[in-house]
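What follows is one structure encoded as structure tokens, with my remarks underneath.
The values are calculated or read from the model by the stated rules, or taken from the named source; none is laboratory data. Since the model is a prediction, treat every value here as computed from it, not as a measurement. FYI the Cβ positions are ideal-geometry reconstructions off the backbone, even for glycines, and counts take in every protein chain you see.
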Amino acid sequence: MTNIIIPMNSFDENITSEKGFLEFFLKIREGGADGVELRRELMSRTINLTEIGQQLQDLKLACFYSAPVPIWKEDSSLNNADLIQVFSEAKSLGAKLVKVNLGSFKRGISNLDALNNVLSVPFQLTVENDQTNEGGLLKNMHDFLQDARKCGTAIKMTFDLGNWEVTGQNAKNAYRKLKKEVAYLHLKNVVEENGKWSSVAIQADEWWPEMMSGIPAAPEFPFHSFSEMNDSINLLRKAGKKHVFY
């Protein structure tokens, strides 16, 4: 069965600031989800991460942690200090999966052995296709993941459905080439208006259910109410049952 994860950014941040994290988590648990994706950029630096992680554990909700931090700096060297900080935060949360960005990976320059040296971690590290030319182009992501496999690097992929369209890539083709590396799905559509991209809901009659092969999936588009969240959970749950392959 596919685990359904609710991303923190699917709600207006006022919901969590006004109601508090615990009430937010309770609503997610009541809706039938299996976990929460906490977003580093939406969390106060003074928050007690261990306490948040314990709240999720008590509710039997998995903790996924998203940090908009690149693996590789602009000069293609390892972003060592920032990654170590994110990994420390993830450990405090008890995270099961961590999502970061690719950054400026370059074959022959970026040192995967250096990445391996900091990857003794109790969670699954993933890299997401983002909306940049560095991390959002299929060739760059494919090259990185292919080289990572050759070096025995313990990293998988968060596959963001909508971001491929933003970078002018074909999402279905990308999935065919990368599906063996995918550990987590971000499901959303995108629309462009006046040069700005926005996330919108997926629909049941699209191709995305083909990806629902038992890996965790998140409806990553705006919810205006917890009722909308519940409907999305049910949509993904139904698709996951229909398309599970193992």
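Every listed requirement among (1) of a type outside the set (S, T, Y); (2) part of a helix (DSSP H, G or I); (3) within 17 Å of the chain's Cα centre (by Cα); (4) under 28 Å from Q146 (Cα atoms) is met by H186 save one, (2).
Scan region 119-178 for residues that are outside any loop (DSSP other than H, G, I, E, B), small (G, A, S) and under 16 Å from S104 (Cα atoms) and the total you get is 1.
Considering (1) more than 16 Å from the chain's Cα centre (by Cα); (2) modelled with pLDDT under 95; (3) assigned to a loop (DSSP other than H, G, I, E, B), the lone condition that G214 does not fulfil carries the number (1). F105 meets all of the listed conditions (1) free of Cβ contacts under 8 Å to residues at least 40 places away in the same chain; (2) part of a loop (DSSP other than H, G, I, E, B); (3) more than 24 Å from D143 (Cα to Cα) but one, namely (3).
The condition (being β-branched (V, I, T), without any contact (Cβ under 8 Å) to a residue 60 or more places away in the chain and in contact with a strand residue (DSSP E or B) (Cβ under 6 Å, 6 or more places away or on another chain)) is satisfied by just one residue among V118, V36: V36.
When region 87-126 is filtered for residues that are out of contact with any helix residue (DSSP H, G or I) (no Cβ under 7 Å at 6 or more places or on another chain) and β-branched (V, I, T), the ones remaining, listed by number, are I109, T126.
Is it the case, given these coordinates, that I47 is of a type in the set (A, V, I, L, M, F, W, C), more than 19 Å from the chain's Cα centre (by Cα) and modelled with pLDDT of 95 or more? Here the answer is no, as I47 does not meet what is asked.
Checking the structure you have, find out if any residue of region 79-91 is assigned to a loop (DSSP other than H, G, I, E, B), crowded, with 18+ Cβ neighbours inside 10 Å and in contact with a strand residue (DSSP E or B) (Cβ under 9 Å, 6 or more places away or on another chain). Looking through region 79-91, at least one residue is assigned to a loop (DSSP other than H, G, I, E, B), crowded, with 18+ Cβ neighbours inside 10 Å and in contact with a strand residue (DSSP E or B) (Cβ under 9 Å, 6 or more places away or on another chain).
When region 217-228 is filtered for residues that are crowded, with 21+ Cβ neighbours inside 10 Å and not in a strand (DSSP E or B), the ones remaining, listed by number, are E220, F221.
Listed here are the residues, each with its yes/no results for (1) modelled with pLDDT under 95; (2) surrounded by 12 or more Cβ atoms within 10 Å (Cβ to Cβ).
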position: F21; (1), (2): yes, yes
position: M43; (1), (2): yes, yes
position: Q54; (1), (2): no, yes
position: Q57; (1), (2): no, yes
position: K60; (1), (2): no, no
position: V69; (1), (2): no, yes
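For T50, the criteria (1) surrounded by fewer than 13 Cβ atoms within 10 Å (Cβ to Cβ); (2) in a strand (DSSP E or B) hold in every case but one, which is (2). In the condition set (1) in contact with a helix residue (DSSP H, G or I) (Cβ under 8 Å, 6 or more places away or on another chain); (2) small (G, A, S); (3) in a helix (DSSP H, G or I), A204 is compliant with all but (3). Of the candidates E30, E13, the single residue that is over 30 Å from F144 (Cβ atoms), out of contact with any Phe, Trp or Tyr (no Cβ under 9 Å at 6 or more places or on another chain) and acidic (D, E) is E13. Taken over region 60-94, the criterion of being polar (S, T, N, Q), farther than 27 Å from F21 by Cβ and touching a residue at least 40 places away in the same chain (Cβ under 8 Å) is satisfied by no residue.
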